[in-house]
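The values are calculated or read from the model by the stated rules, or taken from the named source; none is laboratory data. All figures in this text were calculated on a predicted structure; none of them were measured in a lab. Positions of Cβ are backbone-derived with ideal geometry, glycine not excepted, and every protein chain shown enters the neighbour counts.
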Amino acid sequence: MTFTIRCVPPSVTAQQKRVAIIGGRPRFFHGAKMKAQERTWASLLQPHVPAQPVDGPIELRATLVYPHLKGTPKRDVHLVIPKASKPDADNAAKHLTDLLVTMRFIGDDAKIARLIVEKFHGPEACVGIQIAIRPIASFIPQGVIYV
């Protein structure tokens, strides 16, 4: 299953939690901005929810394309350029996998055997998130040495 969501990828991740001391103990929670973002994601993902969650070992590929920065030279605005700034790819992936489990795209994020997360800046026509979820069979990756 592969689909693309046309939106600006999130810059707030699941790791950015707030904390309050309640009854002498710390309680972690998502702020209003994060909750609003989750509602937006849910509405964008809803049309793509499969009838059954993908099960077994899974490959998840997420390509996040952000708009070019204002300082990008005009000669480069048609290029797709790697994004080497926040949010961290692993934090963005965690937020996405949590939502995919909640919305029943996949049964359990522990089943993700291969996770590929890519971040780029690109032209307006490319901005969005492409998600590919597929079951994978047993294999021996090339270049891996087993002893």
Point to revise | Long-range neighbours under 7 Å by Cβ, at least six apart or interchain, first residue at negative phi and of a type in the set (K, R) within segment 84-110, second surrounded by 13 or more Cβ atoms within 10 Å (Cβ to Cβ) and at pLDDT 90 or above | key: none
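Every residue, every condition in (1) modelled with pLDDT under 90; (2) over 17 Å from P10 (Cα atoms), yes or no:
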site	(1), (2)
G56	yes, yes
K70	no, yes
R75	no, yes
P87	yes, no
E124	no, no
I133	no, yes
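Hey, could you check segment 73-89 for residues that are in contact with a strand residue (DSSP E or B) (Cβ under 7 Å, 6 or more places away or on another chain) and not aliphatic (A, V, I, L, M) and say which is surrounded by the fewest Cβ atoms within 10 Å (Cβ to Cβ)?
Applying the first criterion (in contact with a strand residue (DSSP E or B) (Cβ under 7 Å, 6 or more places away or on another chain)) to segment 73-89 yields 80-83, 89.
Now drop any that are not not aliphatic (A, V, I, L, M), which leaves 82-83.
Numbers: P82: 8, K83: 19.
This residue is P82.
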